[in-house]
1. Condition test on residue B:67, is it more than 7 Å from chain A (Cβ to nearest Cβ) and under 20 Å from residue B:82 (Cα atoms)?
2. Please pick out the residue among B:92, B:72, B:76, B:110 that is surrounded by fewer than 12 Cβ atoms within 10 Å (Cβ to Cβ) and not β-branched (Val, Ile, Thr).
3. For a quick check of your reading: which helices (runs of 4 or more DSSP H) sit entirely within the stretch A:12-100 and have at least 3 residues that are under 12 Å from the mean Cα position of the chain (by Cα) and within 11 Å of chain B (Cβ to nearest Cβ)?
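Every number here is computed from the coordinates shown, using simple stated rules; none is lab data. All values derive from a computational prediction rather than experimental measurement. Cβ atoms come from the backbone with ideal geometry, glycine included; neighbour counts cover every protein chain shown.
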Amino acid sequence: MNFMTDRKRAVGNGSAKSGTMAHWRMTLSSVGLLILIPLFIFTFGAILGHPYAEVVAYYSRPVPAAIAALTIAVSFMHFLGGVQVLIEDYVKGLTRKALVVAMTCLSYGAAGLGVFAVLRIAL
Amino acid sequence: MADVNRGNRPLSPHLTIYRPQLTSMTSIFVRLTGNALLVAMLMIVWWFVAAAAGPDAFATADGFVRSWFGDLVLFLSTWAIWYHMFGGIRHLIWDQGYMLGVKKSETAGLIMIIVSVLMTIFTVVAV
């Protein structure tokens, strides 16, 4: 048996330098969501099930609208980081790249669309 | 570098014969809930986009979100978000170097399971 590991061979070759940033971004967005998610659950939950006119009136108010827009924006940045780790853990090669690109497009697309929709209702 | 000597080293017991622990199971479920929540969030974005588009589009999206299927997704997601959130708090604490012992980790794991269920019941009753 050969006991040399990838880590052992990597020691002394210097770090990739940028890896900690991915973890820090997840930490930042998680703290943001810690504040936003409870607010979103109870504001969105309060209006879900009401008729169209009431929903529009509710999200014309600045605080519920801001909570919704921020939650959508921050959560999709958090989803992007999380799903990317999932992809990189289980998928290799071109499929990995394609899935990371797809998830990046989906995240920014959904975040942009969601924030735009909330602003459209609010303004 | 990574292509050298793969699979010629001693491996830890395989997952299928390895006894599941509270720490590993709570960790797996944090990943599972986090990724599964994408479904609910995309549904919510659709709901907002439909509300911005007009009454007809809103009726379709709102009908879907409030159907038995949408209801089920939102109910499961309510538990998933609370569980994932408490799992995240545990990670933030671990990152600072606290509660890393097995006993404390298992206690925190048990607490997050119980509290996430209680918060789900509270949310369903209150909302």
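1. no
2. Only one candidate qualifies: B:72.
3. Passing ranges, in order: A:19-47, A:62-90.
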